[in-house]
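Here the structure comes first, spelled out in structure tokens, and everything after it is commentary.
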Amino acid sequence: MSLLFFMQTCASAGGFLSLAEATEGAAQELRVKGTAHGITLKLVEKIGAENVILGEPVLDIDQGEQAGCVVRTTKGTELRCKRVIVALPPNMKSKINFCRPRLPVLCRHYNSHNVLSQMIKIIVTYPKAFWRDQNISGEIFGETTFSDLTLEQPEISSPNPEASANGDSSPPNLQSEPYRLQQDDLKYVVFDFSIKDGDTLIPALLFLIGGQPAVRCSQVPEETLKRCLLQHLACVLGKEVEKPIDFAMKVKNVIMNMQSRI
């Protein structure tokens, strides 16, 4: 994301806080009841499951027909329609062949080089919503680091002199060389993620870590990340935050789990 794009997005929303806060009128104010996947299920109910094709990545989209467009899949399915909505990240869109007309060169270049970020999502559940008792919203932006943590790089061995003499130009193996995470390696945002199950409140906090910090934190053992996050958050919410009843973490690499679908 470029700085210009970020500034334009913030300006369009009325400022950065309007995008990040969960207060009234802000972007994070409301949450989907149940799960976001429920929206998809409702759409399927409306259009009919027989009209939803899964497991057939789109091969190409032909817009050269006078009557509309032709969509072809890897299994040979051919669909004709007036218009096509491509709801995919840019670099997944680059896997589809747009013919008649082809996409402009700059558009193709952008699609093939635009990569979605990695994301770590953590839901921490508690016996009670103690932060609400303290009149704290549970919405926190944090930045910390890992103390006394050393990770091992994959092993690299020095080049083999005999192989070099024989003209073997294969790359050397890795040497074991520890390195330390940098000071800014752990930036995170927290939201109150408590939900109601009937009349029962299930208190929870949601942690989100994205971008390069998520890539680096994915190398850290879960227990270490848990200890570091909760200890740091205790500075704001108190020691009670270090006593959850459940800590569920999921590392998401969106692109690795997606396929082109109709």
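Normalise the Debye intensity by I(0) for region 1-104, one equal point scatterer per Cα, no solvent, then take log10 at q = 0.10, 0.15, 0.23 Å⁻¹ and round to two decimals.
Debye output, listed in q order: -0.51, -0.93, -1.17.
May I ask which of LYS121/LYS187; LYS128/LYS196; LYS95/LYS121; LYS33/LYS243 have a Cα-Cα span longer than 19 Å here?
Over 19 Å apart, Cα to Cα: LYS95/LYS121; LYS33/LYS243.
What are the ³J(HN,Hα) couplings of region 86-98, residue after residue, when phi is run through the Karplus curve with 6.51, -1.76, 1.60 and θ = phi - 60°? Round to Hz, x for glycine and proline.
9, 9, 9, x, x, 6, 7, 5, 5, 7, 9, 8, 8
To the nearest 0.05, how large is the calculated FRET efficiency for SER117 and ARG227 if R₀ is 25 Å and r is the Cβ-Cβ distance?
Working: r = 25 Å, r/R0 = 0.99.
That gives a FRET efficiency of 0.50.
To the nearest 0.05, what FRET efficiency results for ARG100 and THR74 with a Förster distance of 22 Å applied to their C-beta separation? It would help to have the intermediate numbers written out before the result.
Details: r = 19 Å, r/R0 = 0.88.
With R0 = 22 Å, the Cβ-Cβ based efficiency is 0.70.
Could you please report the charge total around GLU21, scoring K, R as +1 and D, E as -1 over all other residues with beta-carbon less than 13 angstrom from its beta-carbon?
-4
Considering amide H positions built from the backbone, and no H for Pro or chain starts, which residues 5 or more places from PHE98, or on another chain, come under 5 Å of its amide H?
Close amide H contacts, sequence-distant or interchain: ILE61, LEU103.
Once you put a point 7 Å from the Cα of GLN28 and another 7 Å from the Cα of GLN219, both along the Cβ direction, what distance in nm separates them?
Placing both labels 7 Å along Cα→Cβ, they lie 2.8 nm apart.
Using the Karplus curve 6.51 cos²θ - 1.76 cosθ + 1.60 with θ = phi - 60°, work out ³J(HN,Hα) for each residue of region 99-110 in order, rounded to whole Hz, and write x for Gly and Pro.
Couplings: 10, 6, x, 6, 5, x, 4, 5, 5, 5, 5, 5 Hz.
Roughly what would the spin-label model give for GLU50 and VAL189, points 7 Å off Cα along C-beta, in nm?
4.4
Put a dot 7 Å past each Cα toward the Cβ at GLU65 and GLN134; how far apart are the dots in nm?
6.1
Could you go through region 123-128 in sequence order and give the Karplus-derived ³J(HN,Hα) for each residue, using 6.51 cos²θ - 1.76 cosθ + 1.60 with θ = phi - 60°, rounded to whole Hz, and x for Gly and Pro?
10, 10, 9, 10, x, 8
Summing +1 for each Lys or Arg and -1 for each Asp or Glu, what net charge is found among the other residues whose Cβ lies under 12 Å from the Cβ of PHE191?
Details: positive: ARG31, LYS121; negative: GLU21, GLU29, GLU139, ASP192.
Its environment carries a net charge of -2.
Can you give me the long-range amide H partners of LEU186? Hydrogens built in the peptide plane at 1.01 Å from N, cutoff under 5 Å, separation of 5 or more residues or another chain.
THR144
All of the numbers you see were taken from the coordinates with simple rules; none came from a lab. Source: prediction; values computed, not measured. Every residue, glycine among them, receives a Cβ derived from its backbone with ideal geometry; neighbour counts consider all protein chains shown.
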